[in-house]
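Below: the structure, in structure tokens.
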Amino acid sequence: MQILLIHGLARTSLSLLSLELRLKAAGYTVQHFEYFAFVESFDQIVQHLRQRIRQLADQGSYSITAHSLGGVLVRAALGEEDLVEPIHIVMLGTPNQAPRLASLAWKIPLFRWFTGQCGFNLSSAEFYQNLPGLRSPYTIIAGTSGPRGSLSPFGDDINDGIVALDETRLAATDKILEVPTWHTFMMNHASVQRLTLKALGMVS
């Protein structure tokens, strides 16, 4: 089966190299979707992703593994009814609810310049209200090593340093797989990779 890997905000496909090697070793064919939020709008990226998904689906069955913003892009792209749905979607630290940290970061000019429409969307409750859900089966993996307490922007809520555990939830009934890791590098964590392979193995 083909796996499409999608990196997170301010990252590149190189951030998923370790996961790619694990997937290839397990016998999967791996492709990447690359984007650059500081030169492309969210809408442009989504349109390019839809085109890529159409091309991938023409080659046979496929699944998607996406880190952080990558999962948000997947939800937006798959909102078009004419796309062939992936067999399974694995989301790594994806903020499926408006992340509180994005609202704070959007006040910083450098963040606004570097992330553009992608950063604005992450900070917008209205954007999330209109973001489609997923029709394909999916697995959510979240990190839990972020700071907690009175000095943390998350208070006592479990988080991965960027996204709170509850912010990764897409539906109230979701069973979130928790791993003691940080958001930025969670795709390199052995347990995250093992859980990703297990989720994909259920449908391969």
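Give, in nm to one decimal, the length gained when the segment between Glu80 and Lys198 is fully stretched (0.36 nm per residue of separation minus the Cα-Cα distance). Contour length minus Cα-Cα distance gives 39.7 nm. Rounded to two decimals, the Cα-based Rg/Rh of segment 1-146, with Kirkwood Rh, is 0.95. Pairs of alpha-carbon atoms within less than 8 angstrom and 6+ residues apart define the contacts here; what relative contact order does segment 1-143 have, in percent? Once normalised by length, the contact order is 26 percent.
The residues packed around Pro147, meaning those with a beta-carbon under 12 Å from its beta-carbon, carry a net charge of -2 if Lys and Arg are +1 and Asp and Glu are -1.
Taken along the Cα-to-beta-carbon direction at a fixed 7 Å, the label points for Thr12 and His32 span 0.7 nm.
For segment 58-120, the relative contact order is 33 percent, taking Cα pairs closer than 8 Å that sit 6 or more residues apart in sequence and dividing their mean separation by the residue count. Rolling a 1.4 Å probe over the heavy atoms of the protein chains gives segment 19-73 an accessible area of 42 Å² per residue.
The modelled label-to-label distance between Ala25 and Ser41, using points 7 Å beyond Cα along the C-beta direction, is 4.3 nm.
Note on the chain: GNM, Cα springs under 10 Å; of Leu170, Leu83, Leu110, the largest mean-square fluctuation is that of Leu110.
Here the accessible area is traced with a 1.4 Å probe on the protein chains. For segment 25-96, carbon and sulfur cover 48 percent of it. Taking every Cα-Cα distance in segment 95-173 and sorting them into 5 Å bins from zero, the calculated P(r) comes out as 3, 15, 22, 22, 21, 13, 4, 1 percent.
Annotation for segment 144-204: trypsin sites (Lys or Arg not before Pro) lying in DSSP loop with at most 15 further Cβ atoms inside 10 Å of their Cβ are Arg148, Lys175. For the chain, the 222 nm mean residue ellipticity estimated from helices alone, with every DSSP H stretch of n ≥ 4 adding -39500 (n - 2.57) and the total spread over all residues, rounds to -10500 deg cm²/dmol.
The values are calculated or read from the model by the stated rules, or taken from the named source; none is laboratory data. Treat the numbers as computed from the prediction; the structure is a model and nothing was measured. Ideal geometry is used to build each Cβ from the backbone, glycine not excepted, and the neighbour counts take in all protein chains shown. For accessibility, only protein heavy atoms count, side chains too; no ligands or nucleic acids. Shrake-Rupley method; radii C 1.70, N 1.55, O 1.52, S 1.80 Å.
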